[in-house]
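What follows is a single structure, written as structure tokens, with notes after it.
The values are calculated or read from the model by the stated rules, or taken from the named source; none is laboratory data. Every value quoted in this text rests on a predicted model; they were computed, and no experiment measured them. Note: accessible area is taken over every heavy atom of the protein model, side chains too, but ligands, DNA and RNA are not part of it. Shrake-Rupley method; radii C 1.70, N 1.55, O 1.52, S 1.80 Å.
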Amino acid sequence: IGSAVVSVVKVAGGVLLFSLGRKTGRPSLLRDHPLVGYLALLFVAWTVASAVWAPDDTAVRGPVITLTLSVILLFVVYAAVRQPREVRWLVRGYVSGAVLSAVVGPAITSPDDTDTARFSGSIGDPNVLALLLVPGLALAFFALAGARGALERALLLLGACVIAVALFETGSRGGLVALAVAFGAAL
């Protein structure tokens, strides 16, 4: 039954994307920024075409679906998020999700895990967790400038601290490289 639920969610997402594309007057990434939109679609097409030649199609199916859904999400977010208030909601949601990934992980990890030297949270892979936490940390710091009040500022700082500790506990070199790139881009 789990695959049926995922299929329903995918169909609902497709209907949402189609309805956003059909609505006149709504922003469209392909219309407003055709280079970015078509490059994203070309990247998905290239990935799908490359997956055709993979020796083990089950190994590439998951990443191809993830990339495809991520590009669809790019189009949906571009069409749906238009006001600064909506951007704040999106940023708060991502930072909250990163904090929850960092906090909930130790609570549900069994004590008899074999790899206790690296923190993997509830995701199970320290490198994937680190790559989820880096944008959360960057967004938390960028959101500080637009924070409304001392409470929001304090929560963002607390969240950034929790995310930073979890990021360094993953021991992920890729996460540290991503953090360095994000820091360089911020400068």
Per residue, how much accessible surface does segment 56-187 expose to a 1.4 Å probe? Answer in Å², no decimals.
60
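Could you look at segment 124-187 and say what percent of its accessible area is carbon and sulfur, using a 1.4 Å probe and all protein chains?
Answer for segment 124-187: carbon and sulfur cover 75 percent of the accessible area.
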Accessible-area composition of segment 32-109, carbon plus sulfur, in percent [1.4 Å probe]:
74
